[in-house]
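I have placed the structure first, in the form of structure tokens, so that the comments after it can refer back to it.
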Amino acid sequence: MHQLPLFAQLLLLVPFVSGQCSDSTVTNIDMSNRGITEIDELLFSNCNPQAISIDLSGNQITHINATSFASYDAGLSQKYISLFYQLKTLNLNDNQIKSINPDAFKYTTVLDTLNMRNNQLRSLESDVFEPIGDTLVTLVMSNNEIESIGESMFGTNLKRLRHVDLSYNKMTYMEAWPYIPPSIIKFDLSHNNVNEFTNRLNWTYNLQEPYHTFVDLRYNQFTIWDDQWLKRYQKPGGDFVGDFVTLQADITNNNWTCDCQMHYMASKIQKSFYRYAKSELSNVKCSNPPNLRGQRILTVDLNEFNCDVANCSFGCTCTNISETKILQVDCMNGNLIKLPMELPNIPNRTIMLDVSNNNIWKIDPRPYVDQLVKFNAANNKLVFIDQETVKNMTQSNLSMNISNNNLKFLPNSIQNIKYISISDNPFMCDCNMTWMKGWLELDSIVEPDKSITCKTKEGDVHKIIDVTESLLDCNYDTEIGLAVGFGILLILVVIGIVWAKRCPYETKVLVFKFFRIHPSDKYKIDDEVKSYDAYISFDDENIHIRQWVIRKLKKRLEEKKQELFIPVIHATLGDDRADQIVRSMENSKRVIIILSDKYDENEWSVFECQQAEMLNPNEGRIIFIKYHPEAEDMVQKEPWKSRVKDRKVLAIGEKSSEHQWFWDKLKYELPVK
């Protein structure tokens, strides 16, 4: 047998990059897995121009050019003409294609199936499939790196397009593409990074259109639902949940968070005929929070669709409960000494506030009290409830719990609270609280509140429901009143004498107040010349005390011509703070120390107190003021018990009469002007 030369034999082993068609009659051309890197006219020499399919999969093609499927006519026309005028199927799977020229399919005008799975495309331009808009039926672009698509890519010009596969790409958004071409029946965008619906096309849902498209959005990056996504597709007054059911989008197998954002849609599905509609929407499951993981939104209790609210008050957690339209504020065991100043303002929400198990000592005005529907202040240290604050609690179904506190009296406006618990409080039997008898007899008051007791000044204990004005001797006969009236003057004189003996200090204060006569309480320091009448020491990190000192204490004393040194106002910047404290204190006739709950936690306050104790002369020079109720406990324990011994200790008090006594005593203790 005649043997071919070795060189010719080797050539047979090398695949041809040009003229791949060995049989010019074949209509299904297979050029797969041949190491082809470029598509051009030379590649298709000797190929059948009537070919209906070409398989170029498994090669190394990186680009599709404008003339990849065209031949230049050097004759009369002198222009490019189609190489395959009957080509219907083109397989470009498993290549390395990075780009497609906008005119790449200009010469494949009857193409109906285009497979480009597993390439390296990053984007698709809007008009790239325009030339085959009348014929394209199936488009497979899965397993690429596509992260953007031209807005008008899927337009009404794609008249026959039925199947689109964009799965396993890097898309992050979903436009209304599936609903614009008239014939699409499946649009696969699964296994991408889609996390939102957009509407840059300004597309509007039209119920009259026959939307038969199934949209696969499984295995994407959806987490938080947003009602606005689909409202963008609505006409005014539409129902986006109903629209979504008819749009047949499968959003299962995403990491959905079932919170207040999803409440409206879940509520709409559960409470209407939509729950019976044939839709994958009913199979959507929660991934978060952990307690709802794996549950279908169709079966989750609507009260569970809640959101934690940011910027909640210190020591509290806030939860937005969409089903009941309530802001739930939990401050229990929050180490609070007062009610939260403000709470998050969420429109159309009432408030459930729990401040139980804290150290709150009063209920005073707050901007949110008119929104309260439940208020739990049990197990605190309440001694005072502001009358007007209770009047402003206007929710008709409000329930309040103020049990286990230190309340001796209640404002009579509290009768307007529909549901209330007031047990375990040390109420005083007083003529001003006899109204409570009729209130406690109401059917809305239940045990144990009907059996609560009060104690008289003499120590007698009575059920409040049994306390009357006659029991407390609150009423007097006219004759007795007249008889007593004649002796009032004498009694007042006697009382004045007795009171002066039993309360000599208070008597001195009154004499000084009304007659400007200062008795013998004079101190050696008052004979010396000093720059200041008083040095004020307080916890300057407490904004409320700071405001009280500047707005009230300073104003009151300066009205009496007292010269004050207040560090936060008069201290000189740049000077050593410790030296300033020592100099200013030595140059003051008095040192006023304002005791608060955190006074001894402020290192400068402690330093000031220590310096005051070392002043010479020291007699009558230090005045203590108890600002917070906690200061009462504070001065009963060491080292404060020893510090306040034999010194003047004044308390501001809660009642207006106590306030006045405080100011009178303070002015008495300061240098006489």
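The values are calculated or read from the model by the stated rules, or taken from the named source; none is laboratory data. Note that the structure is a prediction, hence the values are computed from the model and not measured. All Cβ positions, even for glycine, are placed from backbone atoms using ideal geometry, and neighbour counts span all protein chains on display.
Applying the criterion of at least 2 residues that are closer than 25 Å to Lys560 by Cβ to the helices (runs of 4 or more DSSP H) found wholly in the stretch 588-673 leaves 603-613, 656-669.
Restricting attention to the stretch 303-332, which residues are crowded, with 19+ Cβ neighbours inside 10 Å, over 12 Å from the mean Cα position of the chain (by Cα) and farther than 21 Å from Pro290 by Cβ? Answer for the stretch 303-332, where residues must be crowded, with 19+ Cβ neighbours inside 10 Å, over 12 Å from the mean Cα position of the chain (by Cα) and farther than 21 Å from Pro290 by Cβ: Ile326, Cys331. Hey, does the stretch 477-487 have a residue that's modelled with pLDDT of 85 or more, on the phi < 0 side of the Ramachandran plot and part of a helix (DSSP H, G or I)? The answer is no; no qualifying residue exists. Which members of the stretch 176-190 meet the condition of being in a loop (DSSP other than H, G, I, E, B), in contact with a Ser or Thr (Cβ under 8 Å, 6 or more places away or on another chain) and surrounded by 18 or more Cβ atoms within 10 Å (Cβ to Cβ)? Residues satisfying the conditions are Ile180, Pro181, Ile184, Leu189, Ser190. Please tell me if Pro411 is assigned by TED's automatic domain parsing to the domain that holds Ala378, within 39 Å of the chain's Cα centre (by Cα) and either closer than 24 Å to Leu471 by Cβ or without any contact (Cβ under 8 Å) to a residue 24 or more places away in the chain (or both). In short, yes. Tell me, yes or no, whether the stretch 361-369 has at least one residue that is closer than 30 Å to Met262 by Cα, touching a residue at least 40 places away in the same chain (Cβ under 8 Å) and buried (at least 17 other Cβ atoms within 10 Å of the Cβ). The answer is no, given that none of the residues of the stretch 361-369 is closer than 30 Å to Met262 by Cα, touching a residue at least 40 places away in the same chain (Cβ under 8 Å) and buried (at least 17 other Cβ atoms within 10 Å of the Cβ). Can you tell me which residue is surrounded by the most Cβ atoms within 10 Å (Cβ to Cβ) among those in the stretch 454-469 that are more than 16 Å from Ile402 (Cβ to Cβ) and touching a helix residue (DSSP H, G or I) at 6+ places or on another chain (Cβ under 9 Å)? Restricting to residues being more than 16 Å from Ile402 (Cβ to Cβ) and touching a helix residue (DSSP H, G or I) at 6+ places or on another chain (Cβ under 9 Å), the top hit is Val467. Looking only at the stretch 597-612, residues that are surrounded by 15 or more Cβ atoms within 10 Å (Cβ to Cβ) and not small (Gly, Ala, Ser) come to 9 in all. The residues in the stretch 154-175 that are surrounded by fewer than 20 Cβ atoms within 10 Å (Cβ to Cβ), modelled with pLDDT under 90 and of a type outside the set (Val, Ile, Thr) can be counted, and the count is 3. If the condition is being acidic (Asp, Glu) and assigned to a strand (DSSP E or B), then the stretch 279-310 contributes only Asp308.
Considering only residues of the stretch 553-581 that are of a type in the set (A, V, I, L, M) and surrounded by fewer than 16 Cβ atoms within 10 Å (Cβ to Cβ), which is modelled with the lowest pLDDT? Out of the qualifying residues, it is Leu573.
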